[in-house]
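Enquirer: The structure's right below; bear with me while I get my questions together.
The values are calculated or read from the model by the stated rules, or taken from the named source; none is laboratory data. Please read these numbers as outputs of a predicted model, since none were measured by experiment. Cβ atoms come from the backbone with ideal geometry, glycine included; neighbour counts cover every protein chain shown. The protein model used for the area step is the full one, side chains on, heavy atoms only, and it has no ligands, DNA or RNA in it. Shrake-Rupley method; radii C 1.70, N 1.55, O 1.52, S 1.80 Å.
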Amino acid sequence: MLGSEFVEKVRDYLLHVGEEAQGIAVIPCNPEQSKHLETARMRICDTWIDFVNLRCEEYCENSRIPTVQKYGTAEEDAYRRDLTINSLFYNINTSSIEDYTKRGIADLKSGKIVTPLPPKSTFMDDPLRVLRAIRFGARFGFILDEELKEAASCDEVKAALSAKISRERIGTEIDLMISGNQPVQAMTYICDLKLFWVVFSLHPKYEPAVPEGCDRLCVAYLDATWNLIQLIGNSTFNDEQRRLALYTAMFLPLRKTMYKDNKAKKIPVVNYIFRDSLKRKVSDAETVINVHYAFEKFLPLIPYFASNEDVLLTEVDWEREFVDVPLASKPRVLTGFLLRELKDFWRVALLMSTLVYPRNIDCTEDLLNKNFELERRRSLFKAAEDAVLKLGIRSLF
C-alpha cells in the first residue's frame with residue numbers, strides 16, 4: 001500500500017491506544033522534478049517518520065520518468081536507492097539487517113560511496129543523488145567511487161541537475177553540507193566534479209567577468225575560514241553565525257560581481273545565488289551582502305585594535321561623516337556604527353577582515369596553496385575582539 005494509506009492505519013492505532021497523532025502530512029510525487037514517489041510523514045514519540053511504499057518502476061527507452069510504477073519487493077526497492085549504504089533494510093520480525101545489493105554492509109565498512117545500479121542511470125533517474133552522494137561522502141569521510149565521479153561530472157548529468165531538480169531541493173542539500181561536519185570537503189567535491197557553477201549559478205548578465213579558477217578560490221576562502229573558526233573556538237559563533245560565516249567566506253571572491261535588475265540598479269550577484277540559485281531565505285542573502293560591505297570598514301581599525309597605539313589612527317581613511325569627530329573618539333564611534341549595522345554578525349565581519357588583512361597584499365596564491373597563516377590571523381581576531389569588547393558599546397545594540 002501507499003505510505004499515505006499506511007500512515008492512516010498508524011494514526012488509527014495511536015488513537016485507539018490513547019496516543020496523539022501529530023503532524024501528519026503527505027508530500028505528493030512530482031516526476032518532472034525527479035520525485036517519483038509519494039511520501040507520508042508523521043511524528044511519533046518526538047521523532048519524524050517517513051512512510052513510503054517499496055519501489056519498482058519501468059521506463060520507456062528515451063526517458064528517465066517512469067511509465068509504470070508498481071509495488072516492489074524489498075530487493076527491487078534496494079536497487080532503486082541512491083547509494084548502497086542507504087539500501088540496507090532492517091527486518092523488524094527477525095531483528096536482522098538485510099543487504100539485498102550484497103555490498104551495502106561491505107561499502108559501509110570500507111568507507112565507499114557507490115550506487116547500487118550503474119551511476120549514470122541512477123543519477124539520471126534523480127540528479128539530486130549527485131549532491132546526496134557528495135554530502136554522505138564528506139560527512140562520513142568516505143571515498144567516492146571512480147565510476148560515480150565520472151558519471152557525476154558528465155555533461156548529461158550536469159544538465160539534468162540544472163534542468164530537472166528544483167532549486168529548493170538543491171539549496172537544501174547545500175545547506176546541509178555547509179551546516180555539516182565537513183563543509184570544505186563537500187565543496188571541494190563539488191568543485192572537483194565541475195559542479196560549482198551548476199549549483200551556484202550566476203545571473204545571465206553579470207560583470208565583471210569571473211576569472212578562471214574562481215570556484216577554487218571560493219573553496220579556498222571557505223577552507224581558510226573553517227580552519228580559522230576551529231582555531232578560534234567553535235563556541236565563539238553560534239550555529240547560524242557559523243553557517244553564514246562560511247557562506248560569506250565562500251562568496252568573498254564574488255562580492256564585487258554585479259548584475260542589473262529591471263530598473264538598471266546594480267545588485268550583488270551573491271543576492272542572485274541565494275535567492276534564485278539556492279532559493280534560501282531573503283535574510284541569508286541580506287546578511288551575507290551586509291557583511292561583505294561592512295567587513296572592509298573593520299580593516300583600517302585592525303592595526304589600532306591589535307596595538308592600541310594612537311599613532312595609527314592617522315592612517316585610517318575616515319569617511320566624510322566622521323570628519324568632525326575628535327581623533328581619539330573615532331575608533332569608538334566607527335565601531336559603534338558597525339556594531340549597530342551588523343548586530344549579532346559583527347564577529348563574522350571581523351573574521352572576514354582578519355582573513356584578508358592587510359588589504360594591500362593579494363593573498364590569492366597563499367590561499368590556493370593553503371598557506372593560511374592561521375595562528376597570526378587568530379591572534380589578530382582575538383586582539384580585535386577584545387578591543388571591541390573593552391570599548392563597552394556592544395550592550396547598546
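Enquirer: Scan the chain and hand back the longest stretch that contains none of the GluC sites (Glu not before Pro) lying in DSSP loops with at most 16 other Cβ atoms within 10 Å. Don't skip to the answer; put the middle values down first.
Expert: Working: sites that count: E19, E20, E61, E212, E309, E319, E373.
Here the longest run is 62-211.
Enquirer: Hey, can you grab everything whose amide H is under 5 Å from the amide H of I44? Only 5+ residues off in sequence or another chain; H modelled, so Pro and N-termini drop out.
Expert: Those lying under 5 Å, H to H, from I44 are I49.
Enquirer: On alpha carbon coordinates alone, what is the Rg over Rh value for the chain, Rh being the Kirkwood radius? Walk me through the intermediate numbers first.
Expert: Values: Rg = 25.3 Å, Rh = 24.1 Å.
My calculation of the ratio gives 1.05.
Enquirer: Suppose only helical runs count, i.e. DSSP H with n ≥ 4. What mean residue ellipticity at 222 nm does that imply for the chain under -39500 (n - 2.57) per run, divided by all residues and rounded to the nearest 500 deg cm²/dmol?
Expert: Details: 19 runs with 194 residues, N = 397.
Calculated at 222 nm, the ellipticity per residue is -14500 deg cm²/dmol.
Enquirer: Considering the alpha-carbon set of region 202-246 alone, what are its Rg and its Dmax in angstrom?
Expert: 14.2, 40
Enquirer: Under the √(5λ) rule applied to the eigenvalues of the Cα gyration tensor, what semi-axes describe the equivalent ellipsoid of region 159-299? Give them in Å, descending. Write out the running numbers ahead of the final one.
Expert: Details: eigenvalues 101, 72, 43 Å².
Computed over region 159-299, the values are 22, 19, 15 Å.
Enquirer: Give the accessible surface of the chain per residue, rounded to a whole number of Å², with probe radius 1.4 Å and ligands, DNA and RNA excluded. Could the numbers behind the result be given before it?
Expert: Details: 20430 Å² over 397 residues.
Accessible area per residue, the chain: 51 Å².
Enquirer: Across region 13-28, in residue order, what do the Karplus-derived ³J(HN,Hα) couplings come to in whole Hz, using 6.51 cos²θ - 1.76 cosθ + 1.60 with θ = phi - 60° and x for Gly and Pro?
Expert: 5, 4, 5, 5, 9, x, 9, 8, 8, 10, x, 6, 8, 10, 9, x
Enquirer: While we're here: Quick one, can you get me the convex hull of the C-alpha atoms of region 80-139 expressed as volume per residue in Å³? Can you show the working numbers first?
Expert: Details: hull volume 5.3 nm³, N = 60.
With only Cα atoms used, region 80-139 gives 89 Å³ per residue.
Enquirer: Assuming 0.36 nm per residue, please report the length gained on full extension of the stretch E341 to N227 beyond their Cα-Cα distance. Provide the component values of the computation, followed by the final result.
Expert: Numbers: separation 114, 0.36 × 114 = 41.04 nm, distance 2.66 nm.
Working it through step by step, the gained length comes to 38.4 nm.
Enquirer: Viscosity 1.306 mPa s, temperature 10 °C: Stokes-Einstein D of region 347-397 from its Kirkwood Cα radius, in µm² per second?
Expert: Details: Rh = 12.2 Å.
Value of D from the Cα-based Kirkwood radius: 130 µm²/s.
Enquirer: Separate question: As a test question: what accessible area, to the nearest 10 Å², does D239 have when a 1.4 Å probe is rolled over all protein chains in place?
Expert: 110 Å²
Enquirer: Read phi for every residue in region 42-48 and hand back ³J(HN,Hα) as whole Hz from Karplus 6.51 cos²θ - 1.76 cosθ + 1.60, θ = phi - 60°, with x for Gly and Pro.
Expert: Values per residue, Gly and Pro as x: 7, 9, 10, 6, 6, 10, 7 Hz.
Enquirer: Also, I was wondering about something else. About its Cα centre, how strong a charge dipole does the chain have in debye, to the nearest 20, once Lys and Arg get +1 and Asp and Glu get -1 at the Cβ?
Expert: So the dipole magnitude of the chain works out to roughly 740 debye.
Enquirer: Near the amide H of Y206, under 5 Å away, which other amide H atoms are found, from residues 5 or more places off or on another chain, if H is placed in the peptide plane?
Expert: Here the answer is none, since no amide H 5 or more places off falls under 5 Å of that of Y206.
Enquirer: In the chain, carbon and sulfur make up what percent of the accessible area (probe 1.4 Å)? Could the numbers behind the result be given before it?
Expert: Working: 10190 of 20430 Å².
Roughly 50 percent, rounded to a whole number.
Enquirer: Go ahead and run the numbers for FRET between T236 and E150, Cβ-Cβ distance against an R0 of 35 Å, rounding to 0.05. All intermediate terms of the calculation are to be shown ahead of the outcome.
Expert: Working: r = 41 Å, r/R0 = 1.17.
My answer for the efficiency is 0.30.
Enquirer: Pull out the extension gain between D366 and V26, defined as 0.36 nm times the separation in residues minus the alpha carbon to alpha carbon distance; nm, one decimal.
Expert: Details: separation 340, 0.36 × 340 = 122.40 nm, distance 5.05 nm.
Stretched out fully, the D366 to V26 stretch lengthens by 117.4 nm.
Enquirer: Express in Å², to the nearest 10, the accessible area of T94 obtained by rolling a 1.4 Å probe over the protein heavy atoms while all chains stay in place.
Expert: So the heavy atoms of T94 present about 80 Å² to solvent.
Enquirer: Could you work out Rg/(2.2 N^0.38 Å) for region 54-187, with Rg from alpha carbons only?
Expert: Values: Rg = 15.3 Å, N = 134, 2.2 N^0.38 = 14.1 Å.
My calculation over the Cα atoms of region 54-187 gives 1.08.
Enquirer: Residue separation times 0.36 nm, minus the C-alpha to C-alpha distance between H16 and N93: what's the value? Intermediate results must be reported in sequence, preceding the final value.
Expert: Working: separation 77, 0.36 × 77 = 27.72 nm, distance 2.29 nm.
Gain in length upon complete extension: 25.4 nm.
Enquirer: Name the long-range amide H neighbours of T257: under 5 Å, sequence gap of 5 or more, or other chain; modelled H, no Pro or chain starts.
Expert: Under 5 Å from the amide H of T257 lie the amide H atoms of V269, each far enough along the sequence or on another chain.
Enquirer: How much accessible area does T188 have with a 1.4 Å probe, in Å² rounded to the nearest 10?
Expert: So the heavy atoms of T188 present about 40 Å² to solvent.
Enquirer: Which one of G72, C154, S87 is farthest out on the positive end of the charge dipole of the chain, using unit charges on Cβ (Lys, Arg +1; Asp, Glu -1) and the Cα centre as origin?
Expert: After comparing all options, I get C154.
Enquirer: Which loop-located trypsin sites (Lys or Arg not before Pro) does region 114-197 contain, where loop means any DSSP state but H, G, I, E or B and the Cβ has at most 12 other Cβ atoms within 10 Å? Don't skip to the answer; put the middle values down first.
Expert: Details: sites: K120, R129, R132, R135, R139, K149, K158, K164, R167, R169, K194; in loops: K194.
The qualifying sites: there are none.
Enquirer: Probe radius 1.4 Å, ligands and nucleic acids left out: which of Y206, Y100 has the largest accessible area, and how do the rest follow? Working shown, then result.
Expert: Working: Y206 80, Y100 60 Å².
Highest to lowest solvent-accessible surface, that is Y206, Y100.
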